[in-house]
Each structure stands twice: as structure tokens, then as C-alpha cells.
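K.L.:
Pasting in a structure now, in C-alpha cells, and then I'll have a few things to ask.
None of the figures in this text is laboratory data; all of them are computed from the coordinates on show. Please read these numbers as outputs of a predicted model, since none were measured by experiment. With ideal geometry, Cβ positions are generated from the backbone for all residues, glycine too; neighbour counts draw on all protein chains shown.
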Amino acid sequence: MSLLGSVASVFTNVGYILLAIFILMFMVMIHEFGHYLAGKALKFKINEFSIGFGKSLFSRTKKNGEKFSIRLIPLGGYCAFDGEDEDSGDSDTAFNKQAPWKRLIVLAAGATFNFISAIFFSFILLASVGNGTRVVTNITYPTEYNQTIQVGDVITAVNGQKIGWISGDISTLTAPYQAGEDIVLTILRDGKKQTVTVQKSLITTTDESGEEVEVLAIGIQSNELAKVGIGQAIVESVPFTWEIATETIKSFGQLITGQLSIQNIGGPVTTIDMISSYAQQSWALLLLLLPLIAVGLAVFNILPIPALDGARMVFVLWEWITKKPVDRNVEGWIHTVGLIALFAFVIVVDIIHFI
């Protein structure tokens, strides 16, 4: 590669990394903006709305005392309410002096905004790229078992299991089946839904090295993503987002029980690397990542982990039920220690991911 080509490659990679950082910070901004809008609507006093952590690069203070900042480290952000972690003399607008139901709304607003944005991102994905179903583009190895399939068919399900971005493609869903086993495919042909039955056969093909190998396959190609209309994209956007949320919660459960390795998760640096990598592969994968990240942020932030919104909601619920708040200093220390532990955790998982 020439020197000019090498320089161009570096700049291209840097561009994708900057795009990834922008996307991650945009997701964080949506989350914090949810807190901000809910706090404003319920008359909470807001001290600062910040994008990023660390040294302030830019700040502006409004006449009402609210400070808006952009900080050096672009890996998070916050919306700081007056009296959130300590007692405040301002009884009318301080966070901890407000009714519990108001505080719960403000705390839940961040995750709620992430989830709403995920629905919007899901709509963009579905409307512009499709829902993950594919069109049969070629019968590569005609056999007696796949004559019911035609070029142009859209395969939507395998033995009742829906094909999609999250649920899996036709290769994944047909992988468990052996030769001689019936595979019922649900298809759309000329806009009409029907089912066809196929079986796998031993097919002779060539591998990447050019050698002939025998593989067990149906013998079709479906390289083209099926398009969906605007109306269908609107209808499918909420169920699709809910499917992402369900799988995300399941993944957290598998992580806790040890069914999912810690190497399969990562912190902000891993997320940036993933966004950059997917953006370089295709815009379809990048568009798929947007609702995945938005839902991930929503679910993660409502977990009852100190320093996160979920833990703060637990303290508010405790106060609401017992009519007695936890000592503010004790709660503040719990969140501080939790934040330090959380930072340490994401650093460790990022290191593990790249080892």
C-alpha cells in the first residue's frame, strides 16, 4: 500500500471512530435530556446539564442558574439536580424535598427517553433496510427437495420461528436440521403468505481455498434484504424494540448466572469500537446498532446498581413505603462507591474484551 493510501486509511478509521463517539454521546444526551425535561416539567431545580465528564471545555450558565457544559471525556454525561445527593435548603425545588412520585418520574425519564428513541431508530432501520427477511435470489443447487421454492420468494419463518434481525436468519434457524427432516418455510409469494416444505441435501461446493467439499444445505441463495413499506415499519417498530429489550434483559440474566461470558460484554470503549467496526461494514449494521444501544442504555440504567437510576428509584420507593428516607449521607456514599466500582468494572471489561 502506498504512503498516500496508508494516510487515507488512517483518516478513514479516525472518521469512523469519531462517528462512533458522536453516536454514543448522542444516546447519552437523549437519556440525560429525558431527566432534564421531566425535571423542568415538575419544577425541579437543575444545577448542571453536562455532556461528558472531566474538565469543562465549554459551559454556559442561564439566568436561572442552570449550567450547560461539554466536558473533556466523551464517555457519559449527567443532569445534576439540586439536593439530589445531599440535603438542600431550597424546599420548593430541591430533588429530595419533592414528592416520591415526582422523583420516580424524573428518575425513570432517562430510560424512557432511550426506549422511545429506540422505537424511532427501529422505524428508521425497518423503513430503510428491512426487517431482516430476505428474498430468494437464486436456486444454486436444484434438488428434488427445494422445487417448491421460487426466485423472488420472501422467507419469513422456519418451522414457525420468525426470521429477523434479532431472532436469526435462515442459516441459523435451519442449522439444527439434518438431511431427510422436513423444514416448513413460511414465505411471501406475490404478496400472499403460504408455506412450503423443503429438506436439506448433501451438496458439493468449493470452500474459500478452492477445494471441493460436501455441505448439508437447502441449496438456495437469499442475498437480498426484503423491503417493507412505511406502514409496516410503523406497525413493527414497537414489537421489534420490545424484542430487543427482551433479549437484552435475557442477556443480563445469563451474565449473572454465568451462562454468558464476561468477554461478550464491554464498556464505552468496546461500544465505540463496535459502532466503528459495524459502520465500516455496512450502513445496515450501523442502523441495527442504534436501537440495540438505545435499549441497552435503557435497560442498564434501570438496574438496581448504586449510582444508576434503578438504585436511586429503589431508595425513593423505600422512602415512599416506610415514610422515612435513608440518611442522605449514607445514600450519597453508596452511590459514590457504586460509581467508582462501575467505572472500574467497565474499564476491566473493556480490557478483557480487547485481550
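K.L.:
Using a 10 Å Cβ count of at most 12 others and DSSP loop calls, identify the longest part of the chain lacking such trypsin sites (Lys or Arg not before Pro).
P.N.:
In short, 64-322.
K.L.:
Might you report the magnitude of the Cβ-based charge dipole of region 134-225 about its Cα centre, with Lys and Arg at +1 and Asp and Glu at -1, to the nearest 20 debye?
P.N.:
620 debye
K.L.:
Given a 10 angstrom Cα cut-off, can you work out which residue in SER117, SER222, SER50 is the most mobile in a GNM of the chain?
P.N.:
Largest GNM mean-square fluctuation: SER222.
K.L.:
Now for a different question. Using a Förster radius of 51 Å, what is the FRET efficiency between PHE68 and ASN223 based on their Cβ-Cβ separation? Nearest 0.05, please.
P.N.:
0.60
K.L.:
Tell me, what does the Kirkwood hydrodynamic radius of region 44-124 come to in angstroms if you use every pair of distinct C-alpha atoms?
P.N.:
14.3 Å
K.L.:
If you take every residue apart from GLN178 with its C-beta less than 15 Å away from the C-beta of GLN178, what net charge results, scoring Lys and Arg +1 and Asp and Glu -1?
P.N.:
-2
K.L.:
Name the GluC sites (Glu not before Pro) in region 202-254 that are in a loop by DSSP and that have at most 12 other C-beta atoms within 10 Å, would you?
P.N.:
GLU208, GLU211
K.L.:
Rule-of-thumb check for region 134-225: C-alpha Rg over 2.2 N^0.38 Å?
P.N.:
Taking N as the residue count of region 134-225, the ratio is 1.06.
K.L.:
State the dimensionless ratio Rg/Rh of the chain (Rg: radius of gyration of Cα atoms; Rh: Kirkwood radius).
P.N.:
1.06
K.L.:
When the Karplus curve 6.51 cos²θ - 1.76 cosθ + 1.60 is applied with θ = phi - 60°, which whole-Hz ³J(HN,Hα) does each residue of region 185-200 get, with x for Gly and Pro?
P.N.:
Rounded to whole hertz, the list is 9, 8, 10, 10, 10, 6, x, 10, 7, 7, 10, 9, 10, 10, 9, 7.
K.L.:
Further question: Looking only at LEU72, LEU185, LEU289, which one moves most when the chain is put into a Gaussian network model with springs between Cα atoms under 10 Å?
P.N.:
Highest fluctuation among the options: LEU72.
K.L.:
Another question, then. Taking 8 Å as the Cα distance limit and 6 or more residues as the minimum spacing, I'd like the relative contact order of the chain as a percentage.
P.N.:
Relative CO of the chain lands at 18 percent.
K.L.:
Additional query: Working out 0.36 nm times the residue gap between GLU214 and ILE321, then minus their Cα-Cα distance, what length gain in nm do you get to one decimal?
P.N.:
Gain in length upon complete extension: 31.9 nm.
K.L.:
Further, regarding this structure: Once you put a point 7 Å from the Cα of VAL348 and another 7 Å from the Cα of LEU18, both along the Cβ direction, what distance in nm separates them?
P.N.:
3.6 nm
K.L.:
Related question: Restricting to region 134-225, what percent of DSSP beta bridges are antiparallel, rounded to 5?
P.N.:
Around 100 percent antiparallel, to the nearest 5.
K.L.:
Remind me, relative contact order of region 134-225 in percent, using alpha carbon pairs under 8 angstrom and six or more residues apart?
P.N.:
35 percent
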